[in-house]
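Have a look at the structure below before the remarks.
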Amino acid sequence: MGTPGKGLEHVILGDSAITLVAGETGGLTYRGYDIGELVPRASYEGVVHLLLWGTPPQADPPKRLADDLRQRRVVPPELRARMDAVPPGLPTLEAMRSLLSLLGGPEWSYPPTDRQGLELIAKTPTLLAQYVRQSGGLAPVDDRPELGHVAHFLYQLTGEVPTPEKARALEQYTVMLADHGMNASTFALRIVLSTQSDLVSGAVAAIGALKGPAHGGAPSKVSDMLDAVGTAENAERWVDAALARKERLYGFGHRAYKTEDPRAVLLKQVAKRIADPGRLRIAEAVERAGVAALQRKRPEARLFLNVEFYGAVVLEAVGLPRELFTPTFAVARTAGWAAHAMEQAADNRLIRPDVNYTGPAPGRKWTVPAA
Ligand code: ACO
């Protein structure tokens, strides 16, 4: 662990038994299970079980939990009516921030419970998908009970049952994105919960933090970058020119990882399975050029790919439009947010750090003339 620095780098907030991010070695475990163990085998529902209750389910997907989420994902008429308060056509993540705040009421009061967590996990994709369809002038689709959480999310968006390949690719993405320790959005949520505020308020704050490109707002910019590069042959020239203009390469660099982000490695494998070969060739060329250029330019910063790079390639291949990339990240992360909310409340103390004051010395006199 390095010296504490700006942006709370290396500052220990407290204890957590949920997720271990081993930044120096590129490790990521949920409750002791390596992400490389989970991605090929676990369902999203299985990971929800693991994150919320600390233990794997007895069978995966866990039937009771899957049934519970299935029931909770249906939007009742009174909530559906409240959705009309969110005007159509907003930027999708901003709409999502508003949609989540439509949840709430006495049943969401502090302290957060696993039932509230499941409600958040189940309702978030439905609210998002119904809003997207409504904005496009389309009616919501009827529930398809045979579809699991992630496949149903895709179905709700498109109105078509996704192929098993696409559904599984997106499910693996959501497994990888389900939690990530004390990232900015989870920290924001934990601050809110530490005031004894409710889970919905915490999730709304978390979405606000997720929006920025230094956190969850990067993946659509990765796609824009791959478009701008255009061909694999152009990657090196494009990357060098972008860095010369002092631009950041999206999908590269991470506060915690000083080696490859393990999710980037796994997402590349998923991308190889489902992405268009031409797109993949450009992505691989940008990866090579970017890692090499950043190593030449800032070797001590140890900048490698992060989750957003091949995350974007996978989301494209699944057929999601760019404005849904960060909202889909949020859909996946609701599991981690719910787990962290409960952990915060279980041993709570108000999070209230201090700052080193650098303003004028106290004692100034108010000599402004009266208007
Ligand atoms: N491209 C170019 N230079 C970079 C990049 C990058 N992607 N990342 C870091 N650097 C450079 C910075 O310019 C900085 O140099 P400077 O001190 O000369 O300005 C140095 O490396 C250290 O960068 P910081 O911003 O201090 O590193 P920090 O740990 O605060 O930031 C972050 C991490 C925000 C992810 C950063 O690497 C970045 O901006 N990446 C691009 C955006 C991105 O991919 N965001 C998604 C992150 S993953 C997630 O949150 C889910």
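Could you check which residue among Ala293, Ala339, Ala188 shows the biggest mean-square fluctuation in a GNM of the chain with a 10 Å Cα cutoff? Among Ala293, Ala339, Ala188, the largest GNM mean-square fluctuation belongs to Ala293. Taking only DSSP H segments of four or more residues, each worth -39500 (n - 2.57), what value at 222 nm results for the chain once the sum is divided by all its residues, to the nearest 500 deg cm²/dmol? Calculated from helices alone, the mean residue ellipticity at 222 nm is -17000 deg cm²/dmol. Just check the chain against the gyration tensor rule for me: Cα atoms, a ≥ b ≥ c as the square roots of the eigenvalues, rounded for a/c under 1.5, and otherwise prolate or oblate depending on whether a/b exceeds b/c. Verdict is rounded for the chain. Full extension of the segment from Lys63 to Lys272, taken as 0.36 nm per residue of separation minus the current Cα-Cα distance, would add 72.2 nm. Solvent exposure of Leu13, expressed as accessible area, is near 80 Å², computed with a probe of 1.4 Å over the protein chains only.
For the pair the stretch 149-172 / the stretch 337-366, the C-alpha centres are spaced 41 Å from each other. For the chain, the carbon plus sulfur part of the accessible surface works out to 54%, probe radius 1.4 Å. For the stretch 274-311, list residues with backbone N below 14 Å from a point placed 7 Å from the Cα of Asp240 toward its Cβ? Output list for this probe position: 289-290, 292-294, 296-297.
Expressed as a whole percent, the proportion of Cα-Cα pairs in the stretch 42-97 lying more than 20 Å apart is 48%. Between Glu146 and Thr259, the FRET efficiency from the beta-carbon distance, with R0 = 41 Å, is close to 0.50. Connecting C-alpha atoms closer than 10 Å in a GNM of the chain, tell me which of Val21, Val86, Val39 has the biggest fluctuation. Comparing Val21, Val86, Val39 in a Gaussian network model of the chain, the most mobile one is Val86. Remark: the Cα gyration tensor places the stretch 16-58 in the oblate category, a/c being 1.5 or greater and a/b not exceeding b/c. Listed cross-link partners Lys166/Lys258; Lys6/Lys211; Lys63/Lys258; Lys6/Lys365; Lys166/Lys211 are compared with a 27 Å cut-off, the Cα-Cα value being larger for Lys166/Lys258; Lys63/Lys258; Lys6/Lys365. Here the spin labels are modelled as points 7 Å beyond Cα on the Cα-Cβ line, and at Leu8 and Ser109 they lie 2.9 nm apart. Checking the a/c ratio against 1.5 first, then a/b against b/c, what shape does the Cα gyration tensor give for the stretch 219-317? Here the stretch 219-317 falls in the oblate category. Computed from backbone phi with θ = phi - 60° and the Karplus coefficients 6.51, -1.76 and 1.60, the 3J(HN,Hα) list for the stretch 42-47 is 8, 7, 4, 4, x, 5 Hz; x is used for glycine and proline. With the highest mean first, a sort of the peptides 217-223, 163-169, 345-351 on other beta-carbon atoms found within 10 angstrom per residue produces 217-223, 163-169, 345-351.
Charged neighbours of Arg333, selected by a Cβ distance under 14 Å, balance to +2 (K, R count +1; D, E count -1).
The values are calculated or read from the model by the stated rules, or taken from the named source; none is laboratory data. Small disclaimer: the values here were computed from a predicted structure and weren't measured. A quick note on method: Cβ atoms are made from the backbone with ideal geometry, for glycine too, and the neighbour counts reach across all protein chains shown. Each accessible area value is taken on the protein alone, full model and side chains, heavy atoms only, with ligands, DNA and RNA left out. Shrake-Rupley method; radii C 1.70, N 1.55, O 1.52, S 1.80 Å.
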